[in-house]
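Here the structure is laid out as structure tokens; the discussion comes afterwards.
Every number here is computed from the coordinates shown, using simple stated rules; none is lab data. Since this is a predicted model, take the numbers as computed values, not measurements. When we count neighbours, we look across all protein chains shown, and the Cβ atoms used for this are built from the backbone with ideal geometry, even at glycine.
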Amino acid sequence: TIVLGIESSCDETGVGLVRLDGDGRLELLADEVASSVEQHARFGGVVPEVASRAHLEAMVPTMRRAFEVAGLKLSDVDAIAVTSGPGLAGALLVGVSAAKAYALSLGVPLYGANHLAGHVAADTLEHGPLPSPCLALLVSGGHSQLLRVDDLATRITEIGSTIDDAAGEAYDKVARVLGLPYPGGPPIDRAARRGNPRAIAFPRGLTGPRDAEYDFSFSGLKTAVARWVEARERDGEEVPLDDVAASFQEAVADVLTAKAVRAAERFDIGTMVVSGGVAANSRIKALAAERCAAAGITLRVPKPRLCTDNGAMVAALGAHLVAAGVEPSSLDLSATPGLPVSTVSV
Ligand code: ATP
Ligand code: MG
Ligand code: FE
């Protein structure tokens, strides 16, 4: 069974092709991504209208490249999955419209797929089927959540989430404060490797005795970094960029991994998946590995290419939907910008 996956929720136009075999295994055949990130860089964040237009221009060429790489024809496709939410309305619509057109003309089933569940599904392309249950730490540009995944295709429950900024958003905002380019994750990750993570004691949000145990807060941390940097500049002192980056990153990695491990222990879950764009972070991965090993939890983190937005993860989720016998979507499928993670397919 060949599943085509289409992603256009934010600023990446992604087309993936996956083969699902009889025993539920997935084989990645193509994963083509066109990003409009450079067009947004000077604004320090994604500009929705610019992203939509870029998707329109990139969709067909990206589709062609994917089929070329896989050595497949359109007529080889057995099912189509498309991100129908959450994301930017105009951006999502480009992918959803394309997917509907292909599904209608090819006469194959169409699945409206949840982008966040797709981030988790990405891991199955690299490490095989997920055991049930498993705990997912989903950390991306727009979300930071702890999820209990009983079945990737049908049963995902939110255990906790950020009450303000997402982890990726905090990286992007702190990068701006430090004069680093957008998106901020990769340059902060690099600077942090040269700095001292214990140089500055930045606050760990929501870790007090009365705070929600499995929720996150990154807005106070972002403000603390900005205040610290401003105070330095006001005093005419040089800002130790590498130390600020390392100390900020340590605060993020500490809270994320501590709460994730605590949740896994509390709910007696033996496997943890960390996914989403921020899972590409070297320190989060290292600290998660350390703490999971200490707690006897099996850790799975997909490679960075599969962590950030792509079409292969949507194809992977589509394959799980097909394998689970989930009802396909109707051809009046639309975009759902606020789709909750518990709705895996619509
Ligand atoms: P969502 O998935 O919530 O809709 P999104 O799709 O925009 O949001 P992703 O593409 O999954 O988000 O992730 C992008 C985010 O990942 C950006 O905020 C970026 O700064 C961050 N990021 C990428 N690489 C790293 C890294 N090495 N360390 C930390 N953050 C990173
Ligand atoms: Mg992106
Ligand atoms: Fe994403």
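Based on the Cα gyration tensor of the chain, what are the three equivalent ellipsoid semi-axes, each the root of five times an eigenvalue, rounded to whole Å and given largest first?
Here the semi-axes work out to 35, 23, 16 Å.
Looking only at trypsin sites (Lys or Arg not before Pro) in DSSP loops with at most 14 other Cβ atoms within 10 Å, what is the longest site-free stretch of the chain?
My reading of the result: 211-346 is the longest stretch.
Using a Förster radius of 41 Å, what is the FRET efficiency between R266 and R305 based on their Cβ-Cβ separation? Nearest 0.05, please.
0.80
Give me the percent of DSSP beta bridges within region 31-188 that run antiparallel, rounded to the nearest 5.
70
When L4, L299 are ordered from fewest to most other Cβ atoms inside 10 Å of their Cβ, what list results?
Placing the least packed residue first, the sequence is L299, L4.
Can you tell me the order of 86-94, 306-314 when each peptide is scored by its average per-residue count of other Cβ atoms within 10 angstrom, highest first?
Those peptides, ordered most packed to least, come out 306-314, 86-94.
Using the number of other C-beta atoms within 10 angstrom as an exposure proxy, rank H40, H115 with the fewest first.
Starting with the residue having the fewest Cβ neighbours, the order is H40, H115.
Can you show me the helix-derived [θ] at 222 nm for the chain, built from DSSP H runs with n ≥ 4 at -39,500 (n - 2.57) apiece and divided by the number of residues, rounded to the nearest 500.
Computed mean residue ellipticity for the chain: -14000 deg cm²/dmol.
What list of ³J(HN,Hα) couplings, whole Hz, do you get for region 120-135 from phi and the Karplus terms 6.51, -1.76, 1.60, once you set θ to phi - 60° and write x for glycine and proline?
Here the 3J(HN,Hα) series is 6, 4, 3, 5, 5, 5, 9, 10, x, x, 7, x, 10, x, 9, 9 Hz.
Between I159 and residues 5 or more places away or on another chain, which pairs have amide H atoms under 5 Å apart, with H built 1.01 Å from N, and which residues are they?
Amide H neighbours of I159, under 5 Å, 5+ apart: L146, L147, R148.
Please work out the ratio of the alpha-carbon Rg of region 276-346 to 2.2 N^0.38 Å and round it to two decimals.
Cα-based Rg divided by the globular estimate yields 1.45.
For the residues L138, L130, what sequence is obtained by ranking on other C-beta atoms within 10 Å, fewest first?
In increasing order of surrounding Cβ atoms, one gets L130, L138.
Looking only at region 317-345, which residues have a backbone nitrogen under 14 Å from a spot 7 Å from the Cα of T1 in the C-beta direction?
Within reach of a label on T1: 317-329.
Using the basic label-point model (7 angstrom from Cα toward the beta carbon), what is the S219 to F43 distance in nanometres?
Taking the simple label geometry, S219 and F43 are separated by 2.2 nm.
If you fit an axis through the alpha-carbon atoms of helix 167-177 and take the longest principal axis of the Cα set of the chain, what angle between them do you get, 0 to 90°, nearest 10?
50
Specify the angular offset, from 0 to 90 degrees and rounded to the nearest 10, of the alpha carbon long axis of helix 282-295 from the longest principal axis of the alpha carbons in the chain.
It is inclined by approximately 90 degrees.
Calculate, for L74 and T207, the FRET efficiency according to 1/(1 + (r/R0)^6) with r their C-beta to C-beta distance and R0 45 Å; round to the nearest 0.05.
After rounding, the FRET efficiency stands at 0.30.
In angstroms, what radius of gyration and Dmax does region 20-168 have, counting Cα atoms only?
16.7, 47
What ³J(HN,Hα) values, in whole Hz, does the Karplus curve 6.51 cos²θ - 1.76 cosθ + 1.60 give for region 251-263 when θ = phi - 60°, with x put for Gly and Pro?
Computed from phi, the couplings for region 251-263 are 4, 5, 5, 4, 5, 4, 6, 4, 5, 5, 5, 4, 5 Hz.
Output needed: percent of Cα pairs per 10 Å distance bin for region 215-346, bins running from 0 to the one holding the longest distance.
Histogramming region 215-346 at 10 Å steps yields 10, 28, 30, 21, 9, 3, 0 percent.
If I model a spin label as a point 7 Å beyond the Cα along the Cα-Cβ vector, how far apart are those points for D332 and R198 in nm?
6.3
Once the Cα atoms of helix 89-106 and of the chain are each reduced to a long axis, what angle between those two axes, in degrees from 0 to 90 to the nearest 10, is obtained?
20
Which of K73/K100; K100/K285; K100/K222; K173/K303; K259/K303 have a Cα-Cα distance over 29 Å?
Exceeds cut-off: K100/K285; K100/K222.
Quick one: grab Rg to one decimal and Dmax as a whole number for region 98-236, Cα atoms only, in Å.
So, for region 98-236, Rg and Dmax equal 19.5, 67 Å respectively.
For region 32-48, in order, what is each residue's ³J(HN,Hα) by Karplus, 6.51 cos²θ - 1.76 cosθ + 1.60 with θ = phi - 60°, in whole Hz (x at glycine and Pro)?
9, 10, 10, 10, 9, 4, 5, 6, 9, 3, 6, 8, x, x, 6, 9, x
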